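What follows is one structure encoded as structure tokens, with my remarks underneath.
Values quoted throughout were computed directly from the atomic coordinates according to the rules given, and no laboratory measurement underlies them. Fair warning: this is a prediction, and the values are worked out from it, not measured in the lab. Cβ: placed from backbone, ideal geometry, glycine included. Neighbour counts: every protein chain shown.
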Amino acid sequence: MSDHVDSNNNHQLLGQLKIDRSQREAVNAPRTLWIALGALLVLVLLGAAGYFYFTRTHGITVKTAIAQAPAGASSAVLQASGYVTAEREATVSAEIAGMLTHVYFQEGQFVHRGQVLAKLDDKATRAALEQAEAQSQAAAAQLRQYQVQWAEARRDLARDQALIGQHLVSVQALQQAQTQAAALAAEVLTQRRNVAVARAAQRAAQVQEDYTVVHAPFSGVVVDKPAQVGEMISPFFGGGGFTQTGIATIVDMNSLEVDVDVNEAYIDRVRAGQPAVAVLDAYPDWRIPAHVIAIVPTADKSKATVRVRVALESKDRRILPQMGVRVSFLQRNGAAAAHSAVPPGMVWVPASSVVHRGTRSVVFTLKDKKAQAHTVNVGLQRGDLKAVGGIAAGSEVVRDPPANLASGDRVSIQQE
């Protein structure tokens, strides 16, 4: 009996020492979570290390193309020097003489058409306008007075005409009424003309007042500001203490072109519409596509030259009036003599290879499996191709360069 009791006690003790499965899983859960997080972190680090190693070893994967020289290359048949001029340029002055009291612009400022540039002293014109307005109002009031008197005279005449048949008024009174009505009709007509004259004088005074405010005749950039506040301005030539002084010189920068003097012995090599290349003295490496607008039909006998107008096909803030320019007039082979000639030194590249880095246009080329950034001048675009200057024909250029691509980065070429 005691042996059976001891056996039961032993089983109870073993049962108390046994760990419940649910308790064991609860204890192991945090450990499993930390192990999983650690494994994930290791995978991320391995992936980053692999990407870094692959990038450093193989480089950024890019697509490339070859810069092509333009077909039917142009050749210069004549060169001539000239200057940048503006087809639309004006020195703005006041239309009346007066003292400048306000100036609302600075040199280099862009102004819009109709913008107020300056004002003159308007005390005299304002007084004249007020006087003309008063005279116009007085004339109108006097006209109304005559109209009232004429209406009364016509009523008196009508009454006398009705009474003359009844012998209630004399013939003399009737005649006096007729005379009075006719006289007042003449006065009304005269006063209407006086009102018209007074209103015309008022409009003239208003025009003189408007002349004291100077407006920009067209949109452009102010390149000169010769007048200052307090200076006398006159639209007439000097004399009597006045000087002809402009208030501002405005240039329409969209109308800039080049005037060149061509020796008359070679003018037969130039024709309207002929392609050309203009090179500014200030930017000798920048070739600007151009073409001939017209040959001015007169010669300068003192210089034995003929003036030729040349249009610039690329507008840029760097092009300024009066800059020195050298123009090469081109002749292309056969059908290649098109208006869209590519200037010498430029090559065709995919348009997608030209990207902007800040204010620069950049093309990446490849050398020893490394990217090289080149600042380029962009010219014409024909379909998916752009003409650029700054790289050599045959260079391998990067198409659609990634935003993070920099000069010196190692790259690998994606095979197509």
Extension length gain for Lys315 and Asp224 (0.36 nm per residue less Cα distance), in nm, is 30.6 nm
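How high is the FRET efficiency between Ala186 and Gln145 when r is their beta carbon distance and R₀ equals 22 Å, given to the nearest 0.05?
Details: r = 15 Å, r/R0 = 0.66.
After rounding, the FRET efficiency stands at 0.90.
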Label model pair Gln115, Arg271: point-to-point distance (7 angstrom along the Cα→beta-carbon line) in nm is 4.4 nm
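Please report Ile295, Ile319, Ile250, Ile66 as a ranked list, fewest other C-beta atoms within 10 angstrom at the top and most at the bottom. Show your work: numbers first, answer last.
Values: Ile295 16, Ile319 21, Ile250 27, Ile66 13.
Ranked by crowding around the Cβ, least crowded first: Ile66, Ile295, Ile319, Ile250.
Return Phe329, Phe364, Phe110 ranked ascending by Cβ neighbour count within 10 Å, so the fewest neighbours appear first.
Details: Phe329 25, Phe364 28, Phe110 13.
So the ranking, lowest neighbour count to highest, is Phe110, Phe329, Phe364.
For Lys123 and Ala39, calculate 0.36 nm times their separation in residues minus their Cα-Cα distance, and state this gained length in nm to one decimal. Don't skip to the answer; put the middle values down first.
On the way: separation 84, 0.36 × 84 = 30.24 nm, distance 8.98 nm.
Extending this stretch completely gives an extra 21.3 nm.
What number comes out for the charge environment of Glu95, summing +1 per Lys or Arg and -1 per Asp or Glu over other residues with Cβ under 15 Å away? Each step should come with its number before you reach the end.
Numbers: positive: Lys119; negative: Asp121, Asp122, Glu209, Asp210.
Summing Lys/Arg as +1 and Asp/Glu as -1 gives -3.
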When Leu37, Leu117, Leu312 are arranged by how many other beta-carbons sit within 10 Å of their Cβ, fewest first, they go Leu37, Leu312, Leu117
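Give the dimensionless ratio obtained when the Cα radius of gyration of segment 123-210 is divided by 2.2 N^0.38 Å. Write out the running numbers ahead of the final one.
Details: Rg = 19.5 Å, N = 88, 2.2 N^0.38 = 12.1 Å.
Compactness ratio reported: 1.62.
Can you tell me the relative contact order of segment 243-318? Whole percent, Cα pairs under 8 Å, sequence separation 6 or more. Can you show the working numbers first?
On the way: 114 pairs, mean separation 25.7, N = 76.
Reported relative contact order: 34 percent.
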By the mean-Cβ-within-10 Å protection proxy, highest first, 120-128, 214-222 rank as 214-222, 120-128
Taking a crude spin-label model, label points 7 Å out from Cα along the C-beta direction, the Val197 to Ala65 distance in nm is 7.9 nm
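Report the net charge of residues surrounding Phe329, where surrounding means a beta-carbon distance below 10 angstrom and charges are Lys +1, Arg +1, Asp -1, Glu -1.
Values: positive: Arg269, Arg271; negative: none.
That sum, taken over residues with Cβ under 10 Å, equals +2.
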Computed from the beta carbon distance with a Förster radius of 56 Å, FRET efficiency for Asp384 and Glu89 to the nearest 0.05 stands at 0.90
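Cross-link list Lys63/Lys367; Lys225/Lys315; Lys63/Lys386: which exceed 20 angstrom alpha carbon to alpha carbon? Can you show the working numbers first?
On the way: Lys63/Lys367 14 Å; Lys225/Lys315 25 Å; Lys63/Lys386 17 Å.
Exceeds cut-off: Lys225/Lys315.
Tally Lys/Arg at +1 and Asp/Glu at -1 over every other residue whose Cβ is under 15 Å from the Cβ of Leu189; what's the total?
Numbers: positive: Arg144, Arg154, Arg192, Arg193; negative: Glu187.
Neighbour charge sum, excluding Leu189 itself: +3.
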